[in-house]
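The values are calculated or read from the model by the stated rules, or taken from the named source; none is laboratory data. Source: prediction; values computed, not measured. No Cβ is skipped: glycine too gets one built from the backbone with ideal geometry, and neighbour counts run over all protein chains shown.
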Amino acid sequence: MHYIGSKEKLLPFLKREISHHVEGSLHVKSFCDLFAGSGAVGRGFNEEVLHVSSNDVEYYSYIINHAYLKTSSLKDYTHQIDELNQLALTQGLIFKHYALGGGEKRHYFSDENAQKIDAIRQHIELWYHNQSIDKERYYLLLATLIESVTYIANTASIFSAFLKNLKKTAHTPLYLDALHVRENREENRVYHNDSNTLIKELQGDILYLDPPYNLRQYGANYHLLNTIAKYKPFKPKGKTGLRKYYSSPFSKRKSAYESLKNLLESAKFKHIFLSYNNDGIIDNNDIEKLMKNLGKYEQVFQEHKRFNAKNATKNYKTIEYLHILKKFR
Ligand SMILES: C[S@@+](CC[C@H](N)C(=O)[O-])C[C@H]1O[C@@H](n2cnc3c(N)ncnc32)[C@H](O)[C@@H]1O
């Protein structure tokens, strides 16, 4: 899944630096991914560490991370996906608000795909409601739908707006593909909370922080994924059909620095790694000063081709810093 700020491509760099800076084997260490997003980092470390804790304030992200980190059995998964792929079209909430046929002039999906999403989403709910599937499988199937939807949406990758004419991939019929999920051990944890609230309850070995670094709010850019995940009636707002969304203090100039400071001070982890971009709201020197006050500090960086939502085929280069802190006890 294309995700703003995804660290998928930076994983080799992160793995190299994190294993280099943490003494001893990673296999006996706990790893916490506090701003998990698409889950690329938690997933990447899942097999390298003792267990992973993952958190994100967005509900769609919680579902995705739950699917990848908490699924303990894949029994009947592909069979269920086959069944969902064969459902007859249904006109529901997504068709009504987000396809032209619904009459509200929004064009996020083809009429056919919107009806497929409605059919699949309603069927997953029905299965859960009549106890044919448990919560773990409910999240896995929802995550499968959420990821599949991102490939056939009529958008420039994010959902802040739709395209006027249906693009080629949006014509392609929606088809659920099984996620590459492994059967997980029980110790992994997945949270759906505000980072600065949750941090007070956590402790462990390695804390990986990847907060938003610019003014773009994830809740606005991915509102439709939350709508599909929640699937409750509501009144979409304006031309783009936004829902009410969470506004992160890390994406505001007046609160980003204080939020980071508060987070770092509260963290009960020995090793803290913070990814932050050179174009970020918080100045690099300020991060350095802040961390030096809390322990032993180092900084490494890597050039990175950033995903550009406006022009997904044209990436541009930026520098990704990894701020490394070994906290004083
Ligand atoms: C840069 S992205 C993380 C990308 C992720 N590392 C990946 O590889 O996909 C930042 C994430 O932080 C989440 N977020 C923003 N504010 C938050 C907060 N206060 N608490 C928890 N998560 C937050 C956003 O929903 C978003 O998914």
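So which residues in the stretch 246-282 are part of a strand (DSSP E or B) and over 13 Å from D210 (Cα atoms)? Correct list: F269, K270, H271. Taken across the stretch 223-244, residues that are assigned to a loop (DSSP other than H, G, I, E, B) and within 13 Å of the ligand (Cβ to nearest atom) do not occur at all.
Examine the stretch 130-139 for a residue that is among the hydrophobic types (A, V, I, L, M, F, W, C) and within 25 Å of Y231 (Cβ to Cβ), and state whether such a residue exists. Among the residues of the stretch 130-139, at least one is among the hydrophobic types (A, V, I, L, M, F, W, C) and within 25 Å of Y231 (Cβ to Cβ), which makes the answer yes. Residue count for the stretch 111-157 satisfying the condition of being in contact (Cβ under 8 Å) with a residue 60 or more places away in the chain and of a type in the set (A, V, I, L, M, F, W, C): 10.
Checked against the criteria, P211 does not count as in a loop (DSSP other than H, G, I, E, B), modelled with pLDDT of 95 or more and under 30 Å from Q91 (Cβ atoms).
One residue stands out among those in the stretch 76-110 that are in contact (Cβ under 8 Å) with a residue 60 or more places away in the chain and out of contact with any helix residue (DSSP H, G or I) (no Cβ under 9 Å at 6 or more places or on another chain): the one that is surrounded by the most Cβ atoms within 10 Å (Cβ to Cβ), which is T78. Among the residues of the stretch 45-99, those that are more than 13 Å from the ligand (Cβ to nearest atom) and of a type in the set (S, T, N, Q) comprise N46, T71, S72, S73, T78, Q80, N85, Q86, T90, Q91.
If you check K268 against the conditions, is it exposed (fewer than 14 other Cβ atoms within 10 Å of the Cβ), modelled with pLDDT of 95 or more and closer than 24 Å to V52 by Cα? Spelling it out, K268 is indeed exposed (fewer than 14 other Cβ atoms within 10 Å of the Cβ), modelled with pLDDT of 95 or more and closer than 24 Å to V52 by Cα. Among the small types (G, A, S) and within 16 Å of the ligand (Cβ to nearest atom): does that describe S247? For S247, the condition - among the small types (G, A, S) and within 16 Å of the ligand (Cβ to nearest atom) - is met.
Within the stretch 272-287, residues that are farther than 16 Å from I324 by Cα sit with their Cβ atoms under 9 Å from residues that are away from the ligand (no atom under 12 Å from the Cβ) and part of a strand (DSSP E or B), at 6+ positions apart or across chains, in these pairs: D279/T318; D279/I319; G280/Y321.
Just the residues that are outside any strand (DSSP E or B), farther than 19 Å from I63 by Cβ and within 12 Å of the ligand (Cβ to nearest atom), please, taken from the stretch 186-208. Correct list: N196, T197, I199. The residues on offer are N293, N315, N285, and the sole one that is modelled with pLDDT under 95 and not assigned by TED's automatic domain parsing to the domain that holds A114 is N315.
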